[in-house]
Structures are given as C-alpha cells and as structure tokens.
Amino acid sequence: MATIKNLIQKMKVKDYLDLPYHIVIQHLNDESGSYYFATVREFDGCMSHGDTYGEAFENIREAMEGWIETKLENGFPIPQPVDGSQYSGKFVVRIPKTLHAHLAMEAEKEGVSLNQYALYRLSM
C-alpha cells in the first residue's frame with residue numbers, strides 16, 4: 001500500500017509533468033540505425049529514444065517522470081520551464097575590425113545584410 005508521502009510525491013511529479021518543458025526530438029541515422037532521439041532542455045541528462053517520433057515522445061515522457069521522481073526523492077530542486085519571452089532576439093558582440101570587415105564583405109557577396117549573414121553563420 002502506498003504511503004501518503006509517496007502519494008504526495010506522485011502528485012508533485014504529475015504537476016511538474018503538466019508544465020511546458022522543452023522536449024527536443026531529432027531524427028538520427030548513425031551506426032545504431034535510424035531512430036528518434038529525445039531530450040528535455042531543462043533536465044540535464046534526461047533522454048530517451050524510439051523507432052518513431054511518437055514512441056520517442058512517449059519514452060521521453062516516461063524518462064521525465066523517472067527523472068523528476070529521482071530528484072524529488074533525493075531533495076534536489078526541479079528546474080522550471082525556460083520562458084522564451086525573456087529573450088529579445090538581440091545581443092551585442094564586440095569583434096575585431098578585421099573580422100567585421102571580412103563578415104561584411106562575405107555578406108555583400110551573398111547579397112544579404114550583415115545581420116542575416118551572421119545569423120546564417122551562427123546557425124551552422
């Protein structure tokens with residue numbers, strides 16, 4: 001029979017699972033074959049996989065439950081979901097003049113703005 005502490009802990013796990021955590025699922029082809037790999041951005045080390053996207057999603061939700069239970073049992077805090085609205089999409093970086101010139105020339109060659117070119121290079 002479950003103790004009251006276990007029931008309260010389960011309720012807390014469910015409460016956390018209802019929060020909007022960021023699950024990332026990638027389709028991979030490597031030496032293991034073709035599969036979907038899932039992680040949770042806010043939960044370091046929480047990962048799973050599946051043969052299909054749906055299976056990977058179900059498996060990561062199960063992994064999240066175990067991850068949260070373990071943290072709670074050991075007295076560790078559970079991170080809150082990252083709020084994307086706190087990011088403006090803008091940051092300032094100081095770079096050497098020579099690099100600035102090089103990037104500006106490359107952007108001009110590509111026919112795009114320096115911002116667009118920098119975004120392209122950062123996303124590589």
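The values are calculated or read from the model by the stated rules, or taken from the named source; none is laboratory data. Since the model is a prediction, treat every value here as computed from it, not as a measurement. Methodologically, a virtual Cβ is constructed for each residue, glycine included, from the backbone with ideal geometry; neighbour enumeration extends over all protein chains shown. Remember, those area values only see protein heavy atoms, side chains included, never the ligands or the DNA or RNA. Shrake-Rupley method; radii C 1.70, N 1.55, O 1.52, S 1.80 Å.
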Requested in this report: Give me the pairs, please: first residue somewhere in segment 80-102 and under 30 Å from residue 64 (Cβ atoms), second residue anywhere and open to solvent by 80 Å² or more (accessible area, probe 1.4 Å), beta-carbon distance under 8 Å, and either six or more positions apart or on two chains.
Outcome: 81/20; 82/41
Report task. Take the residues in segment 37-55 that are β-branched (Val, Ile, Thr) and closer than 17 Å to residue 20 by Cα, then tell me which one is least open to solvent (accessible area, probe 1.4 Å). Result -> 40
Report task. Identify, by number, the condition in (1) outside any loop (DSSP other than H, G, I, E, B); (2) β-branched (Val, Ile, Thr); (3) more than 15 Å from residue 19 (Cα to Cα) that residue 60 doesn't meet. Result -> (3)
Query - Single residue of segment 94-124 satisfying the filter (modelled with pLDDT of 90 or more and not in a helix (DSSP H, G or I)) that is most open to solvent (accessible area, probe 1.4 Å) - result: 94
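Within segment 63-86, restricting attention to residues that are part of a helix (DSSP H, G or I) and open to solvent by 60 Å² or more (accessible area, probe 1.4 Å), which residue is nearest to residue 18 (Cα to Cα)?
Residues of segment 63-86 part of a helix (DSSP H, G or I): 63-73, 84-86.
From the residues that got through so far, the ones that are open to solvent by 60 Å² or more (accessible area, probe 1.4 Å) too are 65, 70-71, 73, 85-86.
On the way: 65: 11, 70: 17, 71: 17, 73: 19, 85: 19, 86: 21 Å.
Among those that are part of a helix (DSSP H, G or I) and open to solvent by 60 Å² or more (accessible area, probe 1.4 Å), it is 65.
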Query raised in the report: With 70, 39 as the choices, which residue is within 15 Å of the chain's Cα centre (by Cα), closer than 25 Å to residue 13 by Cα and free of Cβ contacts under 8 Å to residues at least 24 places away in the same chain?
Result: 39
Report task. Scan 31, 58 and give me the residue that is modelled with pLDDT under 95, more than 16 Å from the chain's Cα centre (by Cα) and open to solvent by 100 Å² or more (accessible area, probe 1.4 Å). Result -> 31
